[in-house]
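What follows is a single structure, written as structure tokens, with notes after it.
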Amino acid sequence: MTISPESPAAAPTATVNFRTVDLRGRGLTLAGLRAAVPRATQHTVADAEEKVLHIIDAVRQQGFSALSDFARRFDGVDQVHPRVPADSLAKALSDLDPAVRSALEESISRARRFADGQRPRNVDVELGDGALVSQNWVPVSRVGLYVPGGLAVYPSSVIMNVVPALAAGVESIALASPPQKDFDGLPHPTILAAAALLGISEVYAIGGAQAIAAFAYGVDASDAGPALEPVDVVTGPGNIFVATAKRLVKGVVGIDSEAGTTEIAILADSSARPDLVAADLISQAEHDPRAASVLITDSEDLAAAVRSELDRQAAATKHSARVCEALSGPQSGVVLVEDLDQGVAACDAYAAEHLEIMTADAAAVAARIRNAGAIFVGDYSPVSLGDYCAGSNHVLPTSGTAAFSSGLNVTTFLRAIQVVNYSRDALREVSAHIVSLSGAEDLPAHGEAVTARFAGHA
């Protein structure tokens, strides 16, 4: 976020309608808390689903023809085939600003170190003499990684998608990002440069729900060009249409999470600095007019001070109109709680994509949180750090799905395969139990499949 260096008195003014939800004295259950915390209006989800179903069907039926139509309609570009040429990737990397390249390299290095440490170990458990059960972690064969476009450029999302896939050992990686009219129908050159820096050569200029559909179902070869082979797992953040498409293809492919429009919640008490709280709320509101910025606090004085800071800082930032719209939407606001205990409960009910803890003894408070995509502890761990250089991953579940799903990580690209290896004697030892249980379930053939191995044999 860019804030004017002018003094507060000289800064322009903006009005932010940052609404209040007062939970004090209401004694709400978990269901009540979930209903009370700020959320985007739900009718947009139903609207998106109808549109996305049409897009998915068109891609499945018409292939590259549909992709070209959508590129023309949504992105304003004429497209013969969406595959990005190798020389365009190489040129993007060679033309990359050295300072940006250095920053990307540092981000890659930190992300790799964290991803390498996440890989789970294989396990062998001997349950008896000759009775061995193992669990082996095996990477999926092919993944499709989505990097959004729209109001901003996200080379950081290239890193967040690619690095854990590489750490998992995935051998085939395809990446898609929306075509850009200003760049001859290719994705933004910084996106291409980041892909090239990571050694990704299969890159497509496809945006939105149509990219998710193409990854999930594949696109047959045609006069337009070679086939786009289907993938096993689709990952990456995006808007409500991308998130909806991922939900609709789940089961055809695996997905990381329903990572839609960004959101931040900040749990803060009277010890928090209002200027930092406001700056961090604005940093996420900058993404999109539908971005969610929520302050949860037991201090009315802090809430008032943050409102003043939001007015001042929102007026001074580059994307002021976008920020003010996001902060004034139904998805944003102050949640007043009675005390820290209710604040923690509200955080768990909200299940934020990004949750900052700005309280006294922030680390201890953070340890109490159960539902969040990522938790940022104290004044010096802002969400912006996680967006770029913390080493953590910024592809995280949104819209309350952090209550049951995780952010993108190495295990997203791994499958746990169980291997059973019993000897004759080890099977005989449990054969009577198997016969008893198969009879109890009225599945006698299960038991017979075991006793057949010993019939007529010593």
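The values are calculated or read from the model by the stated rules, or taken from the named source; none is laboratory data. Quick caveat, the model's predicted, so the values are computed rather than measured. Virtual Cβ from ideal backbone geometry, glycine too; neighbours counted across all protein chains shown.
Hey, among the residues in segment 340-396 that are acidic (Asp, Glu) and touching a Pro at 6+ places or on another chain (Cβ under 9 Å), which one's farthest from residue 267 (Cα to Cα)? Break it down into steps so the answer makes sense when it comes.
Quick first cut of segment 340-396, residues acidic (Asp, Glu) only: 341, 348, 353, 356, 361, 379, 387.
Keeping just the survivors that are touching a Pro at 6+ places or on another chain (Cβ under 9 Å) gives 353, 356.
Details: 353: 13, 356: 6 Å.
Only one residue tops the list, namely 353.
Could we say that residue 451 is polar (S, T, N, Q) and closer than 30 Å to residue 247 by Cα here? No; evaluated as a whole, the condition is false for this residue.
Could you say whether any residue in segment 301-310 is among the hydroxyl-bearing types (Ser, Thr, Tyr), part of a helix (DSSP H, G or I) and touching a residue at least 40 places away in the same chain (Cβ under 8 Å)? Spell out how you get there, then give the answer.
Our first condition is that a residue be among the hydroxyl-bearing types (Ser, Thr, Tyr); within segment 301-310, this holds for 308.
From the residues that got through so far, the ones that are part of a helix (DSSP H, G or I) too are 308.
Within this subset, residues satisfying the condition of being touching a residue at least 40 places away in the same chain (Cβ under 8 Å) are none.
There is no residue in segment 301-310 that is among the hydroxyl-bearing types (Ser, Thr, Tyr), part of a helix (DSSP H, G or I) and touching a residue at least 40 places away in the same chain (Cβ under 8 Å).
Do we find a residue being under 15 Å from residue 65 (Cα atoms) and within 18 Å of the chain's Cα centre (by Cα) anywhere in segment 216-225? No, segment 216-225 has no match at all. When segment 334-373 is limited to residues that are crowded, with 22+ Cβ neighbours inside 10 Å and small (Gly, Ala, Ser), the one that is nearest to residue 303 (Cα to Cα) turns out to be 343.
Quick check, is residue 381 farther than 30 Å from residue 125 by Cβ, outside the structural domain of residue 34 (by TED's automatic domain parsing) and either surrounded by 14 or more Cβ atoms within 10 Å (Cβ to Cβ) or among the basic types (Lys, Arg) (or both)? Spell out the reasoning first.
Working: farther than 30 Å from residue 125 by Cβ: yes; outside the structural domain of residue 34 (by TED's automatic domain parsing): no; either surrounded by 14 or more Cβ atoms within 10 Å (Cβ to Cβ) or among the basic types (Lys, Arg) (or both): yes.
So residue 381 fails the test.
Looking at the structure I just gave you, is residue 387 surrounded by fewer than 23 Cβ atoms within 10 Å (Cβ to Cβ), of a type in the set (Asp, Glu) and touching a residue at least 12 places away in the same chain (Cβ under 8 Å)? Criteria met by residue 387.
Looking at residue 311, is it over 26 Å from the mean Cα position of the chain (by Cα), within 29 Å of residue 29 (Cα to Cα) and either of a type in the set (Val, Ile, Thr) or not assigned by TED's automatic domain parsing to the domain that holds residue 238 (or both)?
Values: over 26 Å from the mean Cα position of the chain (by Cα): yes; within 29 Å of residue 29 (Cα to Cα): no; either of a type in the set (Val, Ile, Thr) or not assigned by TED's automatic domain parsing to the domain that holds residue 238 (or both): yes.
Against the criterion (over 26 Å from the mean Cα position of the chain (by Cα), within 29 Å of residue 29 (Cα to Cα) and either of a type in the set (Val, Ile, Thr) or not assigned by TED's automatic domain parsing to the domain that holds residue 238 (or both)), residue 311 does not qualify.
Each residue in segment 11-30 was checked for being at pLDDT 95 or above and either among the aromatic types (Phe, Trp, Tyr) or assigned to a helix (DSSP H, G or I) (or both), and 1 of them qualify.
Let's see how each residue does on (1) within 27 Å of residue 148 (Cα to Cα); (2) more than 23 Å from the chain's Cα centre (by Cα); (3) assigned to a loop (DSSP other than H, G, I, E, B):
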position: 275; (1), (2), (3): no, yes, no
position: 278; (1), (2), (3): yes, yes, no
position: 289; (1), (2), (3): yes, no, yes
position: 315; (1), (2), (3): yes, yes, no
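The number of residues in segment 415-436 that are under 12 Å from residue 448 (Cα atoms) and either of a type in the set (D, E, K, R) or surrounded by 13 or more Cβ atoms within 10 Å (Cβ to Cβ) (or both) comes to 3. Whether a residue is within 26 Å of residue 243 (Cβ to Cβ), touching a Ser or Thr at 6+ places or on another chain (Cβ under 8 Å) and of a type in the set (Val, Ile, Thr) was assessed, and residue 398 passes this test. For segment 291-308, residues that are within 18 Å of residue 325 (Cβ to Cβ) and either surrounded by fewer than 21 Cβ atoms within 10 Å (Cβ to Cβ) or more than 29 Å from the chain's Cα centre (by Cα) (or both) total 1. Scanning segment 170-193 for residues that are under 26 Å from residue 414 (Cα atoms) and within 20 Å of the chain's Cα centre (by Cα) turns up 170, 173, 174, 175, 176, 177, 191. Restricting 381, 399 to those that are without any contact (Cβ under 8 Å) to a residue 40 or more places away in the chain and assigned to a loop (DSSP other than H, G, I, E, B) reduces the list to 381. Is it the case that residue 296 is at pLDDT 95 or above, part of a helix (DSSP H, G or I) and of a type in the set (A, V, I, L, M, F, W, C)? No: the conditions fail for residue 296.
Listed by first and then second residue, the pairs with beta-carbon distance under 6 Å, at least 6 apart or on different chains, first residue in segment 259-277 and not assigned by TED's automatic domain parsing to the domain that holds residue 345 and of a type in the set (Phe, Trp, Tyr), second surrounded by fewer than 24 Cβ atoms within 10 Å (Cβ to Cβ) and in a helix (DSSP H, G or I), form an empty list. If you go through segment 103-124 one residue at a time, do you hit one that is within 19 Å of residue 159 (Cα to Cα), free of Cβ contacts under 8 Å to residues at least 24 places away in the same chain and out of contact with any Lys or Arg (no Cβ under 9 Å at 6 or more places or on another chain)? Checked segment 103-124: at least one residue is within 19 Å of residue 159 (Cα to Cα), free of Cβ contacts under 8 Å to residues at least 24 places away in the same chain and out of contact with any Lys or Arg (no Cβ under 9 Å at 6 or more places or on another chain).
Across segment 256-271, the number of residues qualifying as touching a helix residue (DSSP H, G or I) at 6+ places or on another chain (Cβ under 6 Å) and at pLDDT 95 or above comes to 6. Among residues of segment 57-70 that are farther than 10 Å from residue 210 by Cβ, those with a Cβ under 9 angstrom from a residue that is surrounded by 17 or more Cβ atoms within 10 Å (Cβ to Cβ) and among the hydroxyl-bearing types (Ser, Thr, Tyr), sequence gap 6+ or separate chain, pair up as 60/217.
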